[in-house]
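Here you go, one structure.
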Amino acid sequence: MTRSRTALLAGVGVVVLYLAGAALSGHASLLARRPLLDGLAPPVPYRWVKPPPDLSASNKPPASLRFEVELDASGSRLGAFSTNDGQLNLVLAEDAVPPRPGQTSVAFAVEPVDPATLGPVPSDLVVAGNAYRIQGSYRPSGEEVGALRGRSSVGLVYPLLGVPVADPAGHEILVSADGRAWEELPSTDTPGVHQVSAPLDRTGHVVATVPRGAAAAPQGGGRNRVLLITAGAVLLVLGALLLRRRTATAAGGGRRGRGQAPRPPGPAGGPGAARRPPPRNPAKRKRRR
């Protein structure tokens, strides 16, 4: 097996290990799953009014919002406003609030609310995050503002949920004047930034929802599959490393065998020279005759 093929197998093993680890961590905690977006930072942790039990220790309370918009002869001025944590964005169109005699401005208050304290949403939907109560009142009379004119809109940031959903990119906003009966708004979901927006024509409560998914499969079977994938990936990597080591050892032994030069013959009389019998003495041969 060549080095390139061994390196390829090792690379495949590392990739399989990475994917298996990612699947294992995601299976261990659905709330830990995050999309892998090239060039984008992971989303900021969501701030819950009432967090899930496994997030309560690290949760921070969500921000509220208060502001005033001046009134002129035609109505309120154009403005865009956000909570400090960025989880709610509100755009008021030009003349969204009609003028009133003797009124100089409109005061708005936005408060996060635990959706469990409000009326239930339709059964085929799951609440995604906090609800928000948007209230407006004229100043100085304090008269409540109900309707919003023009192309006003609201945007809500939503968290990833620990329950199955049918369409992760199908979030929509519901609105309710009293927090009991909900109405769906034509919404635009932007999954890359975890935000859904919709036109807003009234004050009241708003909440993000997502279509409910089928029941999740038993966790034991999924965990076993992940463990099997991880074990197989480990064996694949170990096998590739072993093959690479054997190939390197064999190549090194071959180089040493081919690199040995033939031993030169030793000098005359030296260890490498052949021994010859000493020459016979001619005088002794004559005497014998």
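The values are calculated or read from the model by the stated rules, or taken from the named source; none is laboratory data. As the structure is a computational prediction, the values presented were derived from the model and not from experiment. Because the Cβ atoms are built from the backbone with ideal geometry, glycine has one as well, and the counts that use them run over all protein chains shown.
Can you tell me which residue within segment 30-60, out of those that are within 10 Å of the chain's Cα centre (by Cα) and modelled with pLDDT of 50 or more, is surrounded by the fewest Cβ atoms within 10 Å (Cβ to Cβ)?
Result: Ala41.
Any chance segment 156-171 includes a residue that's over 21 Å from Asp85 (Cβ atoms), of a type in the set (D, E, K, R) and modelled with pLDDT under 95?
The answer is yes; a qualifying residue exists.
While we're on this one: Filter the strands (runs of 3 or more DSSP E) completely within segment 78-163 down to those with at least 2 residues that are within 37 Å of the chain's Cα centre (by Cα) and crowded, with 18+ Cβ neighbours inside 10 Å.
On the way: elements: 79-82, 88-92, 105-113, 125-139, 153-157.
Per the criteria, 88-92, 105-113, 125-139, 153-157.
Here are some conditions: (1) surrounded by fewer than 15 Cβ atoms within 10 Å (Cβ to Cβ); (2) at pLDDT 75 or above. Leu200 meets all but one. Which one does it not meet?
(1)
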